[in-house]
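Here the structure is laid out as C-alpha cells; the discussion comes afterwards.
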Amino acid sequence: MPLLSEETLARLNKFQLMAKSIVEGFLVGLHKSPYHGFSAEFSDHRQYNPGEPLKDLDWKILAKTERYYIKRYEEETNLRSYVLLDHSKSMFFSSGKESKIEYATQLAGALIWLMISQKDAAGLYTFNNKITSAYPPKAIRSYTSQLFTALINLKADDKTDLLTPLHQIAELIKKRSLIILISDLLDDPEKIMESLKHFRARNNEVLVFHIVDPKEEKFDYKREAQFIDSETGEKITVSPWQIRKEYQENYHYFTDYLKKECYKHQIEYNPVDTYTPIEDLLLKYLIKRNKG
C-alpha cells in the first residue's frame, strides 16, 4: 500500500514543479537585474578567484556566460534556516482567486527549494495556536518531498496565537539560524513582538513575511456586508463605507507599529499582499541572506 494516495502524489508533483519553476525563473531574471552581484551567493556556484585550482571550474557555465564559476559544495555553506508557517483559520481567507494560505505555502515551498538547491539546510515548523509539525533542517534535495507533503496537507485549524508556539519554537532551536516567519499576524502586536524578540535574544536572524489579502488592507467593499470571524464565528453586519476610514487608520497603526518595532530590533519586516509576485519576495530573502 503506498504511503501517499495518487491524488496526494499528483498534488505533490504539481507543487514541486511550481516551486522549481518559480525559483529557476527568479534566478534567470536575477542575472539580468541590477542585483546580479548577489547571484553567486545564491547559486550552486561561487565566483572563481584567480590562482584557485581549475579542477572545480564549471566549464559549461563558462561556455554559456563567459564567466568563471567554481562548483560550490555542501561543506562550503553554513546557513541553517527554519520556515515557520501559520495555518490558523484566518490564513484561509480569500477575496479573490488565491487564499492567504495558498500564497503562503507557495512562498514557503519556493524558499525551501531555493535554500536546498543552494546546499543550505532548510527546516519547517507549522503552527496555529500550537506547533502542529516540526522538521529539522537538512540540505538534501529528496527532503523537499517530505516538507512539501506537509505544506500541501495543511488544514484550517484553530485560532491565531503566535506567542505560545513561537516561544516554544525559539526554545527548541539550539543553534543560530535564519528564522523565516510567514503569517497574517492577526494577533496582539505586542505579543507578536515579544515572540519575535525571543528569537533575536537567542542570536537568530529573523525575517517576517506579513501576508495580507488586498481587501484586508483597503477594505474597499461597496455594499453592506456581513463579516464572520473565521476563528470565533462571531458575525457583524456593517456598511463598509461608514467605517472604512477608521478601519484603515487602525490597520496602518498596526502595521506601522510592527515596522517600527521590527526595525528597532533588527528584524526584517515585509508586509506583502497576495497579489505580489513571489519572485519579489525571493529577492528580499536573497538580500537578507547576503547581509548575513
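For residue 149, what charge total do you get from the other residues with a beta carbon under 15 Å from its beta carbon, if Lys and Arg give +1 and Asp and Glu give -1?
With Lys, Arg at +1 and Asp, Glu at -1, the neighbours total +3.
What is the sum of charges, Lys and Arg at +1 and Asp and Glu at -1, for the other residues whose Cβ falls under 12 Å from the Cβ of residue 112?
+2
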Using the beta-carbon distance between residue 134 and residue 63 and R0 = 41 Å, what value does 1/(1 + (r/R0)^6) give for FRET efficiency, to the nearest 0.05?
0.40
Quick query: amide H of residue 138 versus all other amide H atoms, modeled in the peptide plane; which residues come in under 5 Å with a sequence gap of 5 or more or a different chain?
122, 123
Label-point gap, in nm, between residue 9 and residue 251 - each point 7 angstrom along Cα→Cβ:
4.4 nm
Give the residue from 128, 147, 193 lying farthest towards the positive end of the charge dipole for the range 73-209; charges sit on Cβ (+1 for Lys and Arg, -1 for Asp and Glu) and the dipole is referred to the Cα centre.
147
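If the chain between residue 188 and residue 153 were fully stretched, how many nm would it gain, using 0.36 nm times the residue separation less the Cα-Cα distance?
Difference between extended and current length: 9.8 nm.
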Which pairs, out of 20/97; 97/174; 64/175; 138/284; 174/259, put more than 31 Å between their alpha-carbon atoms?
97/174; 64/175
Mind listing the Cα extents of the range 78-291 along all three principal axes, in Å, largest one first?
53, 35, 30
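Computed from the coordinates by the stated procedures, all read-outs in this text should not be read as laboratory data. The shown structure was predicted, so the numbers you read here are calculated from the model rather than taken from an experiment. Please note: Cβ atoms are built from the backbone with ideal geometry, for glycine as well, and neighbour counts cover all protein chains shown.
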